1. Quick check on residue 154: is it more than 15 Å from the chain's Cα centre (by Cα) and crowded, with 19+ Cβ neighbours inside 10 Å?
2. Please count how many residues of the range 65-78 are modelled with pLDDT of 95 or more and either in contact with a helix residue (DSSP H, G or I) (Cβ under 8 Å, 6 or more places away or on another chain) or of a type in the set (Asp, Glu) (or both).
3. Looking only at the range 137-156, how many residues end up being in a helix (DSSP H, G or I) and over 16 Å from residue 96 (Cα atoms)?
4. From (1) surrounded by fewer than 22 Cβ atoms within 10 Å (Cβ to Cβ); (2) within 15 Å of the chain's Cα centre (by Cα), pick out the condition that doesn't hold for residue 226.
5. Might you check whether a residue that is away from ligand 2 (no atom under 16 Å from the Cβ) and either modelled with pLDDT of 95 or more or under 23 Å from residue 20 (Cβ atoms) (or both) occurs anywhere in the range 171-183?
6. Go through the range 26-43 residue by residue and tally those that are more than 16 Å from ligand 1 (Cβ to nearest atom) and more than 14 Å from residue 169 (Cβ to Cβ).
Amino acid sequence: MSKRIEVNNLDVFYGDFLAVEGVSITIEPRTVTALIGPSGCGKSTFLRTLNRMHEVIPGAHVDGEVLIDGNNLYGPGVDPVLVRRQVGMVFQRANPFPTMSIKDNVLAGVTLNNRKLSKSDSESLVERSLRGANLWNEVKDRLDKPGMGLSGGQQQRLCIARAIAVSPDVVLMDEPCSALDPISTLAIEDLIEELKQEYTIVIVTHNMQQASRVSDKTAFFNIAGTGKPGKLIEYNDTTTIFSKPSVQATEDYVSGKFG
Ligand SMILES: Nc1ncnc2c1ncn2[C@@H]1O[C@H](COP(=O)(O)OP(=O)(O)OP(=O)(O)O)[C@@H](O)[C@H]1O
Ligand SMILES: [Mg+2]
C-alpha cells in the first residue's frame with residue numbers, strides 16, 4: 001500500500017506568483033519525512049501539491065512532475081478526486097464534520113467516494129480505522145455521538161481515522177500537533193510511528209524535537225526574501241540534518257538561529 005513519491009523539478013504557482021521553485025525529491029515508502037523551514041517558505045504549498053489540493057485555489061497551478069509509484073499525478077486525464085483518495089491529508093486544526101457522529105466522520109471519505117457499504121462492512125471499517133488511529137478504546141461506546149464532542153487531541157485522531165479509512169497509500173500532515181497539548185502530541189507521534197508501517201507519511205512541523213523524534217528523513221526549505229520563491233535547500237536522513245547538515249542555512253535553522 002505504501003508508495004514511493006518522486007518529485008521532479010516542481011514549480012508551484014499562485015497565479016503569476018512563483019511560491020516554490022525547482023523541487024526534486026524522492027520519498028521512500030514506509031518512511032516519515034518531515035518538511036521544516038521558516039514561515040512562508042512554502043512547506044504547506046508544496047505539501048498540497050502532493051495530492052492536487054493546491055489546485056483547489058483559483059489560479060493555482062504547477063509545472064513539473066509528481067510521480068506516485070511512477071504515475072504522474074499531473075498527467076493528462078488524471079482525476080484529482082482519485083488522487084486525493086490515494087493521498088490523504090490531515091490538517092493543522094482538527095476538522096471533523098460538525099454535524100456528524102464519530103462513526104459518520106470516519107466513514108465520510110468513503111461515502112463521498114460513492115462506495116456503498118453493508119452495515120457490517122461499515123462497522124468493521126469504523127473499528128479498524130479507529131483502532132488504526134489509536135482512538136477506538138476511547139470512543140467505542142459513543143460512536144453515534146457527535147465528533148465535535150471529543151477533545152482536541154481525540155478530534156485530530158478522528159481526522160486521522162477518517163484519512164486512513166479510504167485506504168490511502170500516502171498520508172500528508174500539515175502541522176497536525178500544533179493545536180495540541182504535549183500528551184496529545186505524543187499520542188499522535190506514537191501513532192505516526194505505527195502508521196509508517198503501512199503508509200508513506202509526509203509531515204510539516206515547526207517543532208524541531210518533533211521532526212527529530214518522528215521522521216526518518218528531513219527536508220529543509222528556505223526562502224531568500226519576501227516575494228522570492230521557497231526552495232528545497234537540503235534533504236537527508238534526519239540524524240544528518242540535525243547533527244551535521246552540509247548547508248550553513250540548515251544548521252542555522254535547526255539550531256534556532258532564525259525562523
Ligand atoms: N492561497 C494563496 N494565495 C496566494 N499566495 C499564497 C496562498 N497561500 C500561500 N501563499 C503564499 O505562498 C508562500 C508560501 O506559503 P505557505 O503557506 O506554503 O508557507 P509555509 O511554509 O507553510 O508557512 P507557515 O510555516 O507559516 O505555515 C507565501 O508567500 C504565501 O504568502
Ligand atoms: Mg504552512
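The values are calculated or read from the model by the stated rules, or taken from the named source; none is laboratory data. Quick caveat: nothing in here was measured; it's all calculated off a predicted structure. So basically every Cβ, Gly included, is an ideal-geometry build from the backbone, and we count neighbours across all protein chains shown.
1. yes
2. Here the count works out to 4.
3. Residues flagged as in a helix (DSSP H, G or I) and over 16 Å from residue 96 (Cα atoms) within the range 137-156 amount to 2.
4. (2)
5. Yes, the conditions are met somewhere in the range 171-183.
6. Within the range 26-43, residues that are more than 16 Å from ligand 1 (Cβ to nearest atom) and more than 14 Å from residue 169 (Cβ to Cβ) number 2.
Residue-wise test of (1) within 16 Å of ligand 2 (Cβ to nearest atom); (2) within 23 Å of residue 189 (Cα to Cα).
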position	(1), (2)
3	no, yes
11	no, no
29	no, yes
32	no, yes
37	yes, yes
59	no, no
71	no, no
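Conditions (1) under 19 Å from the mean Cα position of the chain (by Cα); (2) closer than 29 Å to residue 211 by Cα; (3) away from ligand 2 (no atom under 16 Å from the Cβ); (4) surrounded by fewer than 17 Cβ atoms within 10 Å (Cβ to Cβ), marked per residue:
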| position | (1), (2), (3), (4) |
| --- | --- |
| 56 | yes, yes, no, yes |
| 63 | no, yes, yes, yes |
| 106 | yes, yes, yes, no |
| 110 | yes, no, yes, no |
| 117 | no, no, yes, yes |
| 132 | yes, yes, yes, no |
| 140 | no, no, yes, yes |
